[in-house]
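The values are calculated or read from the model by the stated rules, or taken from the named source; none is laboratory data. None of these values were measured; they are calculated from a predicted model. Reconstructed Cβ throughout: ideal geometry from the backbone, glycine too, with neighbour counts over all protein chains shown. Note: accessible area is taken over every heavy atom of the protein model, side chains too, but ligands, DNA and RNA are not part of it. Shrake-Rupley method; radii C 1.70, N 1.55, O 1.52, S 1.80 Å.
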Amino acid sequence: METYVASGMPKPALTRLLAVAVLGLPLVAALAQASARTPSDTPALTSVIPAPMRVTPDSGTSFRLGPRTVIRTQPGSDAARAVGELLAEELRPATGYRLPVESTARRGTPSVSLLLDAGGTPVGAEGYQLTVTRSAITIRAEQPAGLYAGTRTLLQLLPTEIDSPTPVRRSWVVAGGGIVDRPRFAYRGAMLDLARHFHTPDEVKRYVDEISRFKVNHLHLHLSDDQGWRIQLDSWPRLTTVSGGPGTGVDGVGPGFLTKSQYQDLVGYAAKRFVTIVPEIDMPGHVNAAQVAYPELTCDGVAPPPRTDTAVGYSSLCIGSETTYRFVEDVIRELAAITPGPYLHLGGDEAHATAEADYLTFMRRVLPLVAKYGKTAYGWNEIAKSPASATAIAQYWGTAPSNATLADAVTRGTKVVMSPANQAYLDMKYDRNTPLGLSWAGYIEVRTAYNWDPATRVAGVGEPAVLGVEAPLWSETLRTLDDIEFMAFPRLPAIAELGWSPAATHNWESFATRLGAYGPRWTLRAVNFYPSPQIVWG
């Protein structure tokens, strides 16, 4: 390991610099020549996950982050400043530098600039341009979301040790060149099941931190199921006092719920990282917990026994009862009022205890209620059989390469989020020896999670109909944050790349190499990832 001196330069480099100066080369020129050298462990611009749209390396230059560096943000933009403050918070622990966030910087000051100016190249709401020269790093975007995406790329372009929680004495060099980048699909999601086992707000925030590093921009929270109800509603308070309390969850060991205040805090935390929370209340099936709390939601008025097993398909709201629709409208109204994002997910899957005609009646009445409260209805692909789904989002969770009902709904205007269970479900085991997870949809190693195309996955559902992708993580077997991380990583970055990167960049060998190099960053952040044998880890 080279020893560092006050100048921040390795002693051998300083010795070379002084020798050149004595021989007559001006000191300034020698300094520039020395600083232009890029250390061998500097990540290449092509090392990023998800793969950028266009990369132009410049091997003749690099930028050195140092104690004089400032983060300069768009003057007059509070949103750009907020992105800059987040970036500074992420860079300070490992570097030990102040990294002040300012709207102006003195001429000649090394800077990381975050500018709301596309620079003449259209990149859309989430795209960005990143340019690295000897004197500055500049990220330009049309919207703050693009600036944030650019900072996610920048974090991966800094040496691995940038993820250390404590100061590391080394040079912080970013390779020179440029990146122009924008997402392939607008919706790139992850789902976390809080119903089968409740995960605390801090655990959910930690998950937001990690998924946002890969430009995932939606977190779908599954807030109700047969085993528990996890969101406070003023109009039906026993939902959480009874069905969110002790003894709820799979095996009776997953109690807890989000108060409205906690939910809104979580929504705000995610929004600062450009992640939109999508709440789900599953109906008309998966409602046993609601009926335990309120027997009037059954057809006979008798409360069913609480369920802590993992069976599905046995519960249903009473479709002919007006109490059902008063309940549903209250749920939608209260959730819409505390959810700034555009979507409310109504579930709709595995309603085996609901007759087909009743299912269609229910969706005909309920889907329009979402629009009444200013939101877009969203549900699992079963909702596609309802004519009312034409303005809704259907989430495909099947395993087959075709689904005639979904393809027909697409012709009526339904948009689709792709989550094929045998490729995108993060709760599936990696292999038969995985201690957590299920296997009903098969084993999903990293390559299986990566090797598919959302635009060709289901016949009749082409790219114009695909809103995006989502990686669901059900919690029947999960108990802790470590469990969440073990099942999500490293597969979630594979799904994220399918959602962000152009199809032309899709290459397993490239992705596996980049993922292997990323592993030590998870280690430094104490993320409990699965060390897949398919990957050569750095």
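The figures follow:
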{"item": "Which listed residue is in a helix (DSSP H, G or I) and open to solvent by 10 Å² or more (accessible area, probe 1.4 Å), from Glu485, Glu476, Glu509", "result": "Glu509"}
{"item": "Selection within segment 260-274 - open to solvent by 20 Å² or more (accessible area, probe 1.4 Å) and within 22 Å of Arg479 (Cβ to Cβ)", "result": "Gln262"}
{"item": "Test result for Pro464, of a type outside the set (A, V, I, L, M), outside any loop (DSSP other than H, G, I, E, B) and out of contact with any strand residue (DSSP E or B) (no Cβ under 7 Å at 6 or more places or on another chain)", "result": "yes"}
{"item": "Which numbered condition Asp234 fails, given (1) more than 30 Å from Trp500 (Cβ to Cβ); (2) under 11 Å from the mean Cα position of the chain (by Cα)", "result": "(2)"}
{"item": "First in segment 94-108 and in contact (Cβ under 8 Å) with a residue 12 or more places away in the chain and outside any loop (DSSP other than H, G, I, E, B), second anywhere and open to solvent by less than 40 Å² (accessible area, probe 1.4 Å) and small (Gly, Ala, Ser), Cβ under 9 Å, 6 or more apart", "result": "Ala94/Ser164; Thr95/Gly66; Val101/Gly84; Val101/Ala88; Glu102/Gly84; Glu102/Ser111"}
{"item": "Flag if Ala517 is under 24 Å from Lys415 (Cβ atoms), modelled with pLDDT of 95 or more and in contact with a helix residue (DSSP H, G or I) (Cβ under 7 Å, 6 or more places away or on another chain)", "result": "no"}
{"item": "So Gly348, is it among the small types (Gly, Ala, Ser) and either open to solvent by less than 20 Å² (accessible area, probe 1.4 Å) or in a loop (DSSP other than H, G, I, E, B) (or both)", "result": "yes"}
{"item": "Residues of segment 231-256 classified as in contact with a strand residue (DSSP E or B) (Cβ under 6 Å, 6 or more places away or on another chain) and part of a loop (DSSP other than H, G, I, E, B), total", "result": "4"}
{"item": "Segment 329-345 residues that are over 19 Å from Leu317 (Cα atoms), paired with ones that are in a helix (DSSP H, G or I) and among the charged types (D, E, K, R) (beta carbon under 6 Å, 6 or more apart)", "result": "Ile338/Lys260"}
{"item": "Looking only at segment 416-456, and only at residues there that are of a type in the set (D, E, K, R) and within 19 Å of the chain's Cα centre (by Cα), the one that is farthest from Gly379 (Cα to Cα)", "result": "Asp453"}
{"item": "Segment 155-195 - residue that is among the basic types (Lys, Arg) and open to solvent by 10 Å² or more (accessible area, probe 1.4 Å) and, of those, farthest from Ala494 (Cα to Cα)", "result": "Arg169"}
{"item": "Residue match in segment 79-86 (condition: assigned to a loop (DSSP other than H, G, I, E, B) and open to solvent by 30 Å² or more (accessible area, probe 1.4 Å))", "result": "no"}
{"item": "Qualifying residue in segment 437-460 (condition: open to solvent by 60 Å² or more (accessible area, probe 1.4 Å), in a helix (DSSP H, G or I) and touching a helix residue (DSSP H, G or I) at 6+ places or on another chain (Cβ under 9 Å))", "result": "yes"}
{"item": "First in segment 131-146 and within 20 Å of Gly76 (Cα to Cα) and assigned to a strand (DSSP E or B), second anywhere and open to solvent by less than 30 Å² (accessible area, probe 1.4 Å) and among the hydroxyl-bearing types (Ser, Thr, Tyr), Cβ under 6 Å, 6 or more apart", "result": "Thr138/Ser113; Ile139/Tyr128"}
{"item": "Residue tally, condition closer than 30 Å to Val168 by Cα, open to solvent by less than 50 Å² (accessible area, probe 1.4 Å) and in contact with a helix residue (DSSP H, G or I) (Cβ under 7 Å, 6 or more places away or on another chain), over segment 113-143", "result": "5"}
{"item": "Some residue of segment 59-75 being free of Cβ contacts under 8 Å to residues at least 12 places away in the same chain and either loosely packed, with under 14 Cβ neighbours inside 10 Å or touching a Cys at 6+ places or on another chain (Cβ under 9 Å) (or both)", "result": "no"}
{"item": "Any hit, segment 95-106, residues being more than 28 Å from the chain's Cα centre (by Cα), under 27 Å from Met53 (Cβ atoms), open to solvent by less than 60 Å² (accessible area, probe 1.4 Å) and hydroxyl-bearing (Ser, Thr, Tyr)", "result": "no"}
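Every residue, every condition in (1) assigned to a helix (DSSP H, G or I); (2) of a type in the set (S, T, N, Q); (3) open to solvent by 30 Å² or more (accessible area, probe 1.4 Å), yes or no:
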| residue | (1), (2), (3) |
| --- | --- |
| Gln291 | yes, yes, no |
| Gly301 | no, no, yes |
| Pro305 | no, no, yes |
| Thr310 | no, yes, yes |
| Gly313 | no, no, no |
| Thr324 | yes, yes, no |
| Phe327 | yes, no, no |
| Val331 | yes, no, no |
